[in-house]
Amino acid sequence: MGQVDPQAFIATLLVLFFGIGLHEYSHAKFADMAGDPTPRYYGRVTLNLTKHFELMGTIMMVVTTYTGFGIGWGKPCPMDPRKMRNPRWDHFIAVLAGPVSNLVQAAIYGTVLRVVGPSLGAEPSFVKILLLQGVIVNLSLCFFNLIPLGPLDGHWLIGSFLPDKARSQWYLFNRNVGSLILFGMIFFGSSLLGRVLLPPVHAGFKLLTGYDFS
């Protein structure tokens, strides 16, 4: 294992904290706006982002950041589509709000980088690393969560377009087989996961910052 850059380590943790916390908050807020009382009952409609994390996902954030590749997860936001005004499409919007929040965060980091980047020079300062990681990590979180395998947001989004019977079968498949495929990709097929995520992250990074991804 190579030497850990303290600046990169702290910057990545900060980006992950806000990226994952605001992702889960966005789920909760849009479900609450749709009339579902479940997230508020569990105290999830809050900008106290510590409420959106669970122990294992937080430990994974720290460990994987230390090894040079930050990944982690938050506490899944409880939602009940049956209590929403328009169960299918309100749930779709509440689920989509999570990845969109990461896309918005990436755009903010990228815009700031475009504005202040030239004044930061070529040397890697903490601010520059923070802004670069802000774009890369949030784009990764956005596209990772759009993978259509349980329990990621993507499988719920696909389910919204299926007829009732097919939707139930799709969700059942993902609770069993789909989640196993996903965890296999994370723990044993990281190169495959990289091939899935790298092209959209690369394209998004260049679009938002004007720099080539490397």
So which residues in the stretch 1-34 are without any contact (Cβ under 8 Å) to a residue 24 or more places away in the chain and in contact with a His (Cβ under 9 Å, 6 or more places away or on another chain), if there are any at all? none
Counted residues, the stretch 1-43 - those being among the hydroxyl-bearing types (Ser, Thr, Tyr) and open to solvent by 40 Å² or more (accessible area, probe 1.4 Å): 3
Candidates 139, 96, 172 - the one that is touching a residue at least 40 places away in the same chain (Cβ under 8 Å) and open to solvent by 50 Å² or more (accessible area, probe 1.4 Å): 96
The one condition in (1) in a loop (DSSP other than H, G, I, E, B); (2) of a type in the set (A, V, I, L, M, F, W, C); (3) open to solvent by 40 Å² or more (accessible area, probe 1.4 Å) that residue 77 fails to fulfil: (3)
If we keep just the residues of the stretch 105-131 that are of a type in the set (A, V, I, L, M) and open to solvent by 80 Å² or more (accessible area, probe 1.4 Å), which is farthest from residue 32 (Cα to Cα)? 122
Please determine whether any residue of the stretch 180-187 is part of a helix (DSSP H, G or I), modelled with pLDDT under 85 and open to solvent by 70 Å² or more (accessible area, probe 1.4 Å). yes
Could we say that residue 147 is of a type outside the set (S, T, N, Q), on the phi < 0 side of the Ramachandran plot and either outside any loop (DSSP other than H, G, I, E, B) or open to solvent by 40 Å² or more (accessible area, probe 1.4 Å) (or both) here? no
Being under 23 Å from residue 154 (Cβ atoms), under 19 Å from the mean Cα position of the chain (by Cα) and modelled with pLDDT of 90 or more narrows it down to one residue among 81, 76; which is it? 76
Residue 197 buried (at least 16 other Cβ atoms within 10 Å of the Cβ), under 30 Å from residue 115 (Cβ atoms) and not small (Gly, Ala, Ser): yes
Identify, by number, the condition in (1) under 29 Å from residue 109 (Cβ atoms); (2) at pLDDT 95 or above; (3) open to solvent by 30 Å² or more (accessible area, probe 1.4 Å) that residue 155 doesn't meet. (3)
I'm told residue 83 meets every condition in (1) under 27 Å from residue 199 (Cβ atoms); (2) surrounded by fewer than 17 Cβ atoms within 10 Å (Cβ to Cβ) except one. Can you identify the failing condition by its number? (1)
I'd like to know if the stretch 168-175 contains one or more residues that are under 15 Å from residue 145 (Cα atoms) and part of a helix (DSSP H, G or I). yes
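The values are calculated or read from the model by the stated rules, or taken from the named source; none is laboratory data. Quantities reported herein were computed from a predicted structural model and do not represent experimental measurements. Positions of Cβ are backbone-derived with ideal geometry, glycine not excepted, and every protein chain shown enters the neighbour counts. Heads up: the accessible areas ignore ligands, DNA and RNA and are worked out on the full protein's heavy atoms, side chains in. Shrake-Rupley method; radii C 1.70, N 1.55, O 1.52, S 1.80 Å.
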